[in-house]
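Enquirer: Quick one: the structure is below, questions incoming.
Taken together, the values in this text are just the output of simple stated rules run on the coordinates, not laboratory data. Owing to the predicted nature of the structure, the values given are computational and were not obtained by experimental measurement. When we count neighbours, we look across all protein chains shown, and the Cβ atoms used for this are built from the backbone with ideal geometry, even at glycine.
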Amino acid sequence: MERDIIFVPPELQRKPRQSLFQSFARAFIGLGYMVATERNARIHCLVAMVWFLVNMVVRPATYLVLEGVLAVFLVMGFEAVNTSVERVVDVAACGEWRTWAEHAKDTAAGSVLLATMAAVLTGIHVLAATWPWHWWLFTGKHWLGSAVACAGLLFILAMCFSAWRQREVYWIRS
């Protein structure tokens, strides 16, 4: 039995593999795109920076800082998925209003809302667990948690820098 040969247009053909460094660079460009184009992503970045600064000052236990880091990056991850879903739905809907497109976008935004609510509850838990804060301010206790918070802050700042480098491309269009 003969097989039919399927023609695949060049733009849909599989591209050669990228190096690991190129893959990470493309992922970082995608995060920069998210921060550059989405207002809520910029708000999440600002809140994350404040959160990491608070963690460096309050110095909670390391496991509490890791809870906060996980919550922050989950929110940012859900925001990235939300941005991707919105772009794909915009392309699939061909610029027209469609009920299914609205539902897909609303559902993706709802997932970000749920992750954000979980992050707020995590923040409340971390701050409540470190009460009274004045005992731990600027002491050497829990230096590892402060270092983790500093690393998280540096990552968020790097994302914002990536967005700033792309600002001419995306912010002018919006």
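Enquirer: Under a Cβ-Cβ cut-off of 10 Å, what is the net charge of the residues other than E38 that fall near it, where Lys and Arg count +1 and Asp and Glu count -1? Display every interim value, and only then the final one.
Expert: On the way: positive: R39, R42; negative: E79, E86.
Taking every Cβ under 10 Å from that of E38, the sum is 0.
Enquirer: Related question: What list do you get for E79, E67 if you sort them by fewest beta carbons within 10 Å?
Expert: Working: E79 25, E67 18.
Fewest-to-most Cβ neighbours within 10 Å comes out as E67, E79.
Enquirer: Sorting H103, H125 on the 10 Å Cβ count, fewest up front, what's the list? Intermediate values should be presented prior to the final figure.
Expert: Numbers: H103 11, H125 14.
Ranked by crowding around the Cβ, least crowded first: H103, H125.
Enquirer: I need the peptides 111-120, 48-57 ranked by packing, meaning the mean over residues of other C-beta atoms within 10 angstrom, with the highest value on top. Could you put the intermediate results ahead of the total?
Expert: On the way: 111-120: 16.7, 48-57: 18.6.
Highest-to-lowest ranking by the protection proxy: 48-57, 111-120.
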